[in-house]
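Undergrad: This is the structure I want to talk about, given as C-alpha cells.
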Amino acid sequence: MARKTFVDIGDSSRLYQDEARGTGDQAGAQTPVAAVPAAGARPAYRLIGKRTARVDGRKIVTGRAEYTQDIKLKGMLSGKILRSPHAAAEVVSVDLAAARALPGVLAVLNLTDGRVRYAGQQVAAVAAVNEKTADRALALIKVEYKPLPFVVDWEKAKETGAPQVQSDRPNVQAINDYKRGDIEQGLAEAEVVLERTYRTGSEIHNTTETHGSIATWEGEQLTVYDSTQAVHSVRDGLARALKMPAANVTVIKKYMGGGFGSKLGVNEHTIVAALLSRETERPVKILLSRRDNALCVGNRPITQQTIKAGAKKDGTLTALSLVNYTCGGVGSGDRTSEPLIDIYKCPNVKVDEWTVFMNTGASRPTRAPGHTQGAFALEGFMDEFASALGMDPLELRKKNYSTRNRGDTGLPYSSKGLDKCYEQGANAIGWERRNKIPGAGSGRFRRGIGVATSIWFGAGVPGTLADLVLYPDGSVEAVCGTQDIGCGTRTHMAVVAAETLGLEPRDITVKLGNSDYPYAPSSGGSLTTPSVAPAVRDAGLKAMERLKQLAARKLEAKPEDIIAENKTFRVRTAPDKTIAYADVFRDLRRETVFHGERSGMPNDKFAFNTFGAHFAEVEVDTETGRIRVLKYVAAHDSGQIINVQTAESQVIGAITQGISTALFEERVMDETTGNPVNPNLRDYKIATSLDIPETTAIFVEVSDPYINNLGTKGLGEPPRIPSSAAVANAVYNAVGVHVKEIPMTPPRVLRALEEKEAGR
Ligand code: MOS
C-alpha cells in the first residue's frame, strides 16, 4: 500500500489541506488514545440533541444582524479594484496620473507584477470619497496590455501546443496517485468488468453575501472587518503580507452570508483595503461585485473521471480504478479519489489524478472539495455496475461498503453508522417503489428513485479553545475565536454551555468572530461544531466543578453530593438543603474564567469520518429533458447532533446546493473573450424554493464516545457530498440511461436519451 501525496498547487487549497486535513504541522496535534471506551447508549441531555431556535434568528430575519457591508466607520472611503479584461496579457504600462488627479481620490495603487493569467486579475486600485468617484477614477486609469494567447477550455489546455498558463511548468501536472493490491490481478479475477466516464462542471460559490473587507488603522494597530470563514487565518495572512506582527492585527467577522469554502484565507482585496487605508489614514471598504465573485474568488474545479472496475457475479468488488483529470483554472484541481479509496473495501485499487491549468481564476475549496465530484462519479458508477451485475444498487453497496480505514490500521475504530443510514433512508423514501430495472416505466413522464453514499473525513486540527466567563451577578459569557458561517455556531455554543451549567440558552451571552478571542481553526472541513462544542463543554464541566465546590461549602456537604437543577444546587442526601445559583455565583466575587479545550483525539482519522446515504425521487420529462425532484431523504451519521433544528437546516441547504448543481449550475466560458458568459445570477442558474422538494433529514443514533467529550462529528459538508449523485441516480432509475455529466441540463438529458435509443 503506497500513498504518495503531491504538493498542492494554489494557496487556498494548500491552506485547506493543512488546516482541515491536518497534514501540516498540526498533524502532530493528534494524540493516541490508549483505551477505547465501549460504544453504549447516548447520555440523556436536556438541550443537546433537541430543537433550539437560533439564539440570533430574530436578529437575522429582521435585518438587524450586521454583515460586513452594513458596517460604516467614520470617514470611511470606498475602495475599488481595476481588473484585467484579458485572460492572458503582458501589462506594458499602467498610467495612474489622471485617476490620481481626480478630486475626491485619495489613493491609487499599482497592483500588477507585469503579467495577467486570467480575466479578473487585479491590476490597480483606488480609494475615493464615494463609490461613484472611485468608479470614475478606475475609468481614468490607462493600462497598456499586450494580449497573449490564452486557453479557457480545459480539454484544449490539455493538448500539446496549447498556450502555457504558468511560466514555470506545463499545463498538465500529476497531483495524486494511490495504489493498494494489484489492479491487473483484480480485473483478471473479475467476472464482470465495466468502464465509464463522468464529468462535472465548474460551479461558482455564489455566496449570498459577496466578499467584502473594511480596514482601519490606529497607529500600528490594524483592524479588519471581513466576510471570512477564518478570522485567525486572515489575521496571520495579513500580518505576513504586510510584514507586521500578528499581535497588531485584529480580524472581526460578525454575521456572514455564506462562504462554502470561498472565504477561508486572506483575500487580495483585503490586503489592498489595508494598504489603501494605511496610505489615506482613513477606513477603507472594498466590496466585491457579483461579477468579481465569478472571476476571482474561487470556483469548484471541473473533473472528468474514468472509473474501471471488476466484480464477481455476486457483486464482490475485485478491482476499482480511477483516472481523474481536473481543472481549477490557474489554481489546482480537486483530488476526487477519497470516496473511491475509502467507501468500499475492494482489495485492488489504483488511482491517478492530474490537474490541468487554464486561464481562469483559481479554484477554491467548495463545500466538500473533491468528494462532491468523486461521489457523483463513484456512486453513478455503482448504479451502472449494479445493472450490469443484475443487482439492486443498494444491495451492491451493502455488500461492499467498508467499516474500516483503507488497509485497516489495526485500531478498533470503525463505522457503525452507514448501515443504519442505508436502512432508515431506504425505508423513508420507499425504496421498494423504484424501477427494478432502470427505465422500466413508459410514457412521457418517467419517475425513478436513486441512492448515493457519502464519507467525509474529520481530521486532526489544533485544539479549539473556548472560555466560559462566570460573573458574580450570575451572568455567563461563552467566548471563542471561531466564526458562525451560517450553521448556527452561536446557538451551538449557547446550547452546550447552558446544558452543562444547568441554564437556558438565552442565559448565555455568546461572543465569537474576533481573532483576539481564544483560538479556533478556520470554519472549513466541517470542523466548527465538532471542535467548538467540545471546547465549550470542557469549560462548562470545569466551571460546574468549581460551582459545586462553592455550593458544597455553603451547604456543608461533599462536592460529589451536589446536584445542579433548575438554577438551584441541592444535596443528594438531604433534599431540603438547597441554595440558589445566584448565591453561589456571588461567591466567585469577581468574574472567573474557565478555559475549555477540545479534548485529545484518536490517531485514526477514520473514527471521525461521517457517513451518509441520500435518496432522491425524480420525474423526467422525456420530451423536454426537464427534471423535477419530487422527494428527498438524507440519512446521516454525524455522531451526537448538538441542535436538531440547525442540523436540519444544514442538510436542507446542502441538498438545495446539490440539486442546484445536479440540474442548473455551471460557469460557461467564452473562448473568444476569455471571460465567463454568465457572471451573474440571471444567467447562472441557482435552484430556488420551487425546485426543492419535501425533504426528510434522519440522524442515525450512533454512539462514538471516544471522538470527543460529546461524540459529535461534522455536518457542514457531508450532506452536500451525495446530493448531486443521488439525483443523477434517480434520473438513471427513471429513464435507464445515466446522464454522466452535471449539470444535467435538458440538452444533455435529451442527448443521453437519444444515445440510449440508438443503442450506443
Ligand atoms: Mo469548506 S469547502 O470546508 O468551507
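The values are calculated or read from the model by the stated rules, or taken from the named source; none is laboratory data. All values reported here derive from a predicted model rather than from experimental measurement. Positions of Cβ are generated from backbone atoms using ideal geometry, with glycine treated the same way; all protein chains shown enter the neighbour counts. Calculation scope for accessible area: heavy atoms of the full protein, side chains included, ligands and nucleic acids excluded. Shrake-Rupley method; radii C 1.70, N 1.55, O 1.52, S 1.80 Å.
Undergrad: Say whether the condition of being under 26 Å from G525 (Cα atoms), free of Cβ contacts under 8 Å to residues at least 60 places away in the same chain and within 16 Å of the ligand (Cβ to nearest atom) is met by at least one residue in the range 370-388.
TA: Looking for residues that are under 26 Å from G525 (Cα atoms), free of Cβ contacts under 8 Å to residues at least 60 places away in the same chain and within 16 Å of the ligand (Cβ to nearest atom), one finds at least one in the range 370-388, hence yes.
Undergrad: I would also like to ask the following. Scan the range 618-631 and give yes if some residue there is crowded, with 16+ Cβ neighbours inside 10 Å, farther than 30 Å from F445 by Cα, in contact (Cβ under 8 Å) with a residue 60 or more places away in the chain and out of contact with any helix residue (DSSP H, G or I) (no Cβ under 6 Å at 6 or more places or on another chain), otherwise no.
TA: No: zero hits.
Undergrad: Among the residues of the range 680-719, what is the count of those that are away from the ligand (no atom under 16 Å from the Cβ) and part of a loop (DSSP other than H, G, I, E, B)? Spell out the reasoning first.
TA: The first filter runs over the range 680-719 and keeps only residues away from the ligand (no atom under 16 Å from the Cβ), leaving 680-712.
From the residues that got through so far, the ones that are part of a loop (DSSP other than H, G, I, E, B) too are 680-688, 692-693, 700-711.
Here the count works out to 23.
Undergrad: Okay, next question. Within the range 52-64, is even one residue of a type outside the set (K, R), farther than 30 Å from T529 by Cα and surrounded by 14 or more Cβ atoms within 10 Å (Cβ to Cβ)?
TA: Filtering the range 52-64 for residues of a type outside the set (K, R) gives 52-53, 55-57, 60-63.
Among the residues that remain, those that are also farther than 30 Å from T529 by Cα are: none.
No; the residues of the range 52-64 include none that is of a type outside the set (K, R), farther than 30 Å from T529 by Cα and surrounded by 14 or more Cβ atoms within 10 Å (Cβ to Cβ).
Undergrad: Still on this structure, I have one more. Being without any contact (Cβ under 8 Å) to a residue 60 or more places away in the chain and crowded, with 16+ Cβ neighbours inside 10 Å is the filter here; which residues of the range 113-125 pass it?
TA: Within the range 113-125, the first condition is being without any contact (Cβ under 8 Å) to a residue 60 or more places away in the chain, and the residues that meet it are 113-116, 123-124.
Listed by number, the residues that qualify are V116, V123, A124.
Undergrad: May I ask you to list pairs of residues, at least six apart or on different chains, whose Cβ atoms are under 7 Å apart, with the first in the range 707-731 being under 11 Å from G612 (Cβ atoms) and the second being open to solvent by 10 Å² or more (accessible area, probe 1.4 Å) and of a type in the set (D, E, K, R)?
TA: Between residues of the range 707-731 that are under 11 Å from G612 (Cβ atoms) and residues that are open to solvent by 10 Å² or more (accessible area, probe 1.4 Å) and of a type in the set (D, E, K, R), the close pairs are E717/R367; R720/R367.
Undergrad: Among the residues in the range 733-754, are any within 16 Å of the ligand (Cβ to nearest atom) and at negative phi? Walk me through how you get there before you give the answer.
TA: Initially, the range 733-754 is screened for residues within 16 Å of the ligand (Cβ to nearest atom), giving none.
There is no residue in the range 733-754 that is within 16 Å of the ligand (Cβ to nearest atom) and at negative phi.
Undergrad: Another one. I'm checking my understanding of the structure. Among residues of the range 663-691 that are of a type in the set (S, T, Y) and touching a residue at least 12 places away in the same chain (Cβ under 8 Å), which one is most open to solvent (accessible area, probe 1.4 Å)?
TA: Within the range 663-691, the subset of a type in the set (S, T, Y) is 672-673, 684, 688-689.
Of the ones still in play, those that are also touching a residue at least 12 places away in the same chain (Cβ under 8 Å) are 673, 684.
On the way: T673: 65, Y684: 2 Å².
Step by step, filter the range 663-691, then rank; the result is T673.
Undergrad: Within the range 632-660, work out how many residues are among the polar types (S, T, N, Q) and open to solvent by less than 10 Å² (accessible area, probe 1.4 Å). Don't jump to the end; show me each part of the working.
TA: Taking the range 632-660 as the starting set, the residues that turn out to be among the polar types (S, T, N, Q) are 638, 640, 643, 645-646, 649-650, 656-657, 660.
When the remaining residues are screened for being open to solvent by less than 10 Å² (accessible area, probe 1.4 Å), the result is 638, 643, 646, 660.
Summing the residues that are among the polar types (S, T, N, Q) and open to solvent by less than 10 Å² (accessible area, probe 1.4 Å) in the range 632-660 gives 4.
Undergrad: Output the qualifying pairs, or none if there are none: Cβ atoms under 6 angstrom, residues six or more apart or on different chains, first residue in the range 555-577 and under 24 Å from V476 (Cα atoms) and in contact (Cβ under 8 Å) with a residue 12 or more places away in the chain, second residue small (G, A, S) and surrounded by 10 or more Cβ atoms within 10 Å (Cβ to Cβ).
TA: Listed by first residue and then by second, the contacts come to P559/A552; I562/A551; I562/A552; A564/G502; T568/A580; F569/A551; V571/A557.
Undergrad: Moving to a separate point now. Out of G486, G502, which single residue is within 16 Å of the ligand (Cβ to nearest atom) and farther than 23 Å from I707 by Cα? Walk me through how you get there before you give the answer.
TA: Values: G502 fails: within 16 Å of the ligand (Cβ to nearest atom).
The conditions single out G486.
Table: residues versus (1) open to solvent by 20 Å² or more (accessible area, probe 1.4 Å); (2) part of a strand (DSSP E or B).
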position	(1), (2)
G298	no, no
T306	yes, yes
W354	yes, yes
M358	no, no
A362	yes, no
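Undergrad: From the set of residues in the range 256-294 that are open to solvent by 20 Å² or more (accessible area, probe 1.4 Å) and on the phi > 0 side of the Ramachandran plot, which is farthest from the ligand (Cβ to nearest atom)?
TA: Taking the candidates together, the pick is E281.
Undergrad: Something else: How many of the residues making up the range 126-143 are surrounded by 20 or more Cβ atoms within 10 Å (Cβ to Cβ) and either touching a Phe, Trp or Tyr at 6+ places or on another chain (Cβ under 7 Å) or more than 22 Å from T280 (Cβ to Cβ) (or both)?
TA: Within the range 126-143, residues that are surrounded by 20 or more Cβ atoms within 10 Å (Cβ to Cβ) and either touching a Phe, Trp or Tyr at 6+ places or on another chain (Cβ under 7 Å) or more than 22 Å from T280 (Cβ to Cβ) (or both) number 1.
Undergrad: Additional query: Return yes when F381 is farther than 18 Å from V700 by Cα, at pLDDT 95 or above, assigned to a helix (DSSP H, G or I) and in contact with a Lys or Arg (Cβ under 7 Å, 6 or more places away or on another chain) and no when it is not.
TA: Details: farther than 18 Å from V700 by Cα: yes; at pLDDT 95 or above: yes; assigned to a helix (DSSP H, G or I): yes; in contact with a Lys or Arg (Cβ under 7 Å, 6 or more places away or on another chain): yes.
So F381 passes the test.
Undergrad: Quickly run through the range 180-221 and pick out the residues that are under 27 Å from the mean Cα position of the chain (by Cα) and open to solvent by 40 Å² or more (accessible area, probe 1.4 Å).
TA: From the range 180-221, those under 27 Å from the mean Cα position of the chain (by Cα) are 197-215; that's our starting set.
Within the range 180-221, T197, R199, T208 meet the criteria.
Undergrad: Looking at the range 510-539, which of its residues are more than 13 Å from the ligand (Cβ to nearest atom) and open to solvent by less than 10 Å² (accessible area, probe 1.4 Å)? Give the steps one after another, and end with the answer.
TA: So the first thing to find is which residues in the range 510-539 are more than 13 Å from the ligand (Cβ to nearest atom), and the list is 510-520, 532-539.
Matches in the range 510-539: G513, S515, A520, V532, A533, P534, A535, V536, A539.
Undergrad: Any residue at all in the range 563-570 that is β-branched (V, I, T) and within 16 Å of the ligand (Cβ to nearest atom)? Even if it seems obvious, please write down each step before you answer.
TA: So the first thing to find is which residues in the range 563-570 are β-branched (V, I, T), and the list is 563, 568.
Of the ones still in play, those that are also within 16 Å of the ligand (Cβ to nearest atom) are none.
Within the range 563-570, none of the residues are β-branched (V, I, T) and within 16 Å of the ligand (Cβ to nearest atom).
Undergrad: Would you pick out the residues in the range 46-72 that are without any contact (Cβ under 8 Å) to a residue 12 or more places away in the chain, over 19 Å from G513 (Cα atoms) and not in a helix (DSSP H, G or I)?
TA: Within the range 46-72, T62 is the sole residue that qualifies.
Undergrad: Right, something else. Can you confirm whether V251 is assigned to a helix (DSSP H, G or I) and touching a helix residue (DSSP H, G or I) at 6+ places or on another chain (Cβ under 8 Å)? Don't jump to the end; show me each part of the working.
TA: Values: assigned to a helix (DSSP H, G or I): no; touching a helix residue (DSSP H, G or I) at 6+ places or on another chain (Cβ under 8 Å): yes.
No; evaluated as a whole, the condition is false for this residue.
Undergrad: In this structure, is P365 out of contact with any strand residue (DSSP E or B) (no Cβ under 7 Å at 6 or more places or on another chain) and not assigned by TED's automatic domain parsing to the domain that holds R117?
TA: Working: out of contact with any strand residue (DSSP E or B) (no Cβ under 7 Å at 6 or more places or on another chain): yes; not assigned by TED's automatic domain parsing to the domain that holds R117: yes.
For P365, the condition - out of contact with any strand residue (DSSP E or B) (no Cβ under 7 Å at 6 or more places or on another chain) and not assigned by TED's automatic domain parsing to the domain that holds R117 - is met.
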